[in-house]
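Since the structure comes first, as structure tokens, the remarks are kept for the end.
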Amino acid sequence: MGTDRAGAGRLPDALFATGTSSFAEFLGAHAPEMLPGGRTPPGAAVSDEVPHGTTIVAATYAGGVVMAGDRRATMGNVIAVRDVEKVFSADEYSMVGYAGSAGVGAELVRLFQVELEHYEKLEGTTLSIEGKANRLGMLLRSNLGLAMQGLAVVPLFAGYDLETGNGRIYSYDITGGRYEERDFHSIGSGSVFARGALKKLYHADAGQDHAIGGCLQALYDAADDDSATGGPDVFRRIYPVVATVSDAGFHRLPDDEVAALVERLLSGRRRRPDGPTAPVFPDDESGEAR
């Protein structure tokens, strides 16, 4: 970042200049080695030598969106961490979760949080929901070198659109490609099973409680079939991280509240281990499949 004034005990000149509203661009210009993509990729693939986080699910509801993530990180067939957190607030009206290399994922989330805060401070306003989604894709593209060596990270972004009053969900590929998802989505090794569960449980006009319950059921189904996805650990009191974003802003459910919901889920699973069912045919009068 330079030592223009640092030698005299003062901050570098770069911090006093009128800069770009992108913190990543600022850092890339003055200290590129501090960016995840500025590091030298390892010489060989290291996919089984670092902890990897897995399944994240998200679903919209009337007036908002919910995101939930399991707490397990694995190294090959070993459980590396039992209580890792993979769902975070991005800013007041959005949140982000990640699957993939845990260390790189956590760093990407912190950089994204600073990126949004930096923009807000310099521009005096917040980015639109699409603008935030695009910024995350830009940051992800800078990690492509590490991703090709087994340190891939795939985020899931969701937020509340202040213009339309709806929750929106965006998924990504490792090259930074951005895709808006309808209604619900999941990422990580258990995503196929989680998405199958959400497909049967999702209702567009349902409220927040139904969406949260659907996401918890989806994570449970993912853990039931995918060894890298952790289920609720009631003995250690380790529960999924569940968060919502609505016109009231970001809200993470307290562990006690999630624990109560998990107890209800487990009570149902004791009677039917495969979880709730969906009607085979739609209701004759409404046409709705419930």
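The values are calculated or read from the model by the stated rules, or taken from the named source; none is laboratory data. Since this is a predicted model, take the numbers as computed values, not measurements. When we count neighbours, we look across all protein chains shown, and the Cβ atoms used for this are built from the backbone with ideal geometry, even at glycine. Heads up: the accessible areas ignore ligands, DNA and RNA and are worked out on the full protein's heavy atoms, side chains in. Shrake-Rupley method; radii C 1.70, N 1.55, O 1.52, S 1.80 Å.
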>> Show me the helices (runs of 4 or more DSSP H) entirely contained within segment 56-165 in which 1 or more residues are among the polar types (S, T, N, Q) and open to solvent by 50 Å² or more (accessible area, probe 1.4 Å).
In response: 102-123, 129-141
>> Just the residues that are touching a residue at least 60 places away in the same chain (Cβ under 8 Å) and open to solvent by 10 Å² or more (accessible area, probe 1.4 Å), please, taken from segment 273-285.
In response: 276, 277, 278
>> For segment 242-251, give me each residue that is among the small types (Gly, Ala, Ser) and either farther than 20 Å from residue 86 by Cβ or surrounded by fewer than 10 Cβ atoms within 10 Å (Cβ to Cβ) (or both).
In response: 246, 248, 249
>> Out of 270, 264, 290, I need the residue that is surrounded by fewer than 13 Cβ atoms within 10 Å (Cβ to Cβ), closer than 20 Å to residue 61 by Cβ, more than 21 Å from the chain's Cα centre (by Cα) and modelled with pLDDT of 95 or more. Which one?
In response: 264
> Just to be sure, is residue 186 modelled with pLDDT of 95 or more, on the phi < 0 side of the Ramachandran plot, more than 19 Å from the chain's Cα centre (by Cα) and among the polar types (S, T, N, Q)?
Replying inline: no
>> Can you list residue pairs whose Cβ atoms sit under 8 Å apart, with the first residue in segment 50-79 being without any contact (Cβ under 8 Å) to a residue 40 or more places away in the chain and the second being assigned to a strand (DSSP E or B)? Count only pairs 6 or more apart in sequence or on different chains.
In response: 73/52; 73/53; 73/79; 73/80; 73/81; 75/52
> For residue 254, are the conditions met, namely being at pLDDT 95 or above, buried (at least 17 other Cβ atoms within 10 Å of the Cβ) and not hydroxyl-bearing (Ser, Thr, Tyr)?
Replying inline: no
>> For segment 173-249, give me every one of the strands (runs of 3 or more DSSP E) that falls completely inside it and has 3 or more residues that are touching a Lys or Arg at 6+ places or on another chain (Cβ under 8 Å) and either more than 16 Å from residue 156 (Cβ to Cβ) or touching a residue at least 60 places away in the same chain (Cβ under 8 Å) (or both).
In response: 184-187, 241-246
>> Looking at segment 17-28, can you tell me whether even one residue there is open to solvent by less than 10 Å² (accessible area, probe 1.4 Å) and either touching a Gly at 6+ places or on another chain (Cβ under 8 Å) or at pLDDT 85 or above (or both)?
In response: yes
> Which of (1) closer than 30 Å to residue 62 by Cβ; (2) in contact with a Phe, Trp or Tyr (Cβ under 6 Å, 6 or more places away or on another chain) is the odd one out, the single condition residue 190 does not satisfy?
Replying inline: (2)
